[in-house]
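Asker: Have a look at the structure that comes next, please.
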Amino acid sequence: MCHTWVTEEAETAHRRPSGESIGQVTVSIGVTEFIPGESFEALFERCDGALYEAKQAGRNCTKSA
């Protein structure tokens, strides 16, 4: 699922305080929740997998695992 707020934030993030454009900015985000007792490596792998899915889904997407 691509979230609208990600797109909105990326739209405003491409400007410097002076208003000058710095070019196109896109964001792909992978998120997950820590499961008590799991290793850091397992947490990282799930989050990394979600990030990969977000990148494959297109620009300005957030995926959770």
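Asker: Keeping to segment 44-65, report how many residues are touching a His at 6+ places or on another chain (Cβ under 9 Å) and either β-branched (Val, Ile, Thr) or not in a loop (DSSP other than H, G, I, E, B) (or both).
Answerer: Selection size over segment 44-65: 2.
Asker: Related question: Only one of Gly30, Gly19 is assigned to a loop (DSSP other than H, G, I, E, B) and either modelled with pLDDT under 90 or under 11 Å from the mean Cα position of the chain (by Cα) (or both); which?
Answerer: Gly19
Asker: Moving on to the next point. Exactly one condition in (1) outside any helix (DSSP H, G or I); (2) modelled with pLDDT of 85 or more is false for Gln24; which is it?
Answerer: Checking Gln24 against (1) outside any helix (DSSP H, G or I); (2) modelled with pLDDT of 85 or more, the one that fails is (2).
Asker: Among the residues of segment 50-65, write down those that are buried (at least 19 other Cβ atoms within 10 Å of the Cβ) and of a type in the set (D, E, K, R).
Answerer: Passing the criteria: only Lys63.
The values are calculated or read from the model by the stated rules, or taken from the named source; none is laboratory data. Since the structure is predicted, the reported quantities are computational estimates derived from the model, not experimental observations. Positions of Cβ are backbone-derived with ideal geometry, glycine not excepted, and every protein chain shown enters the neighbour counts.
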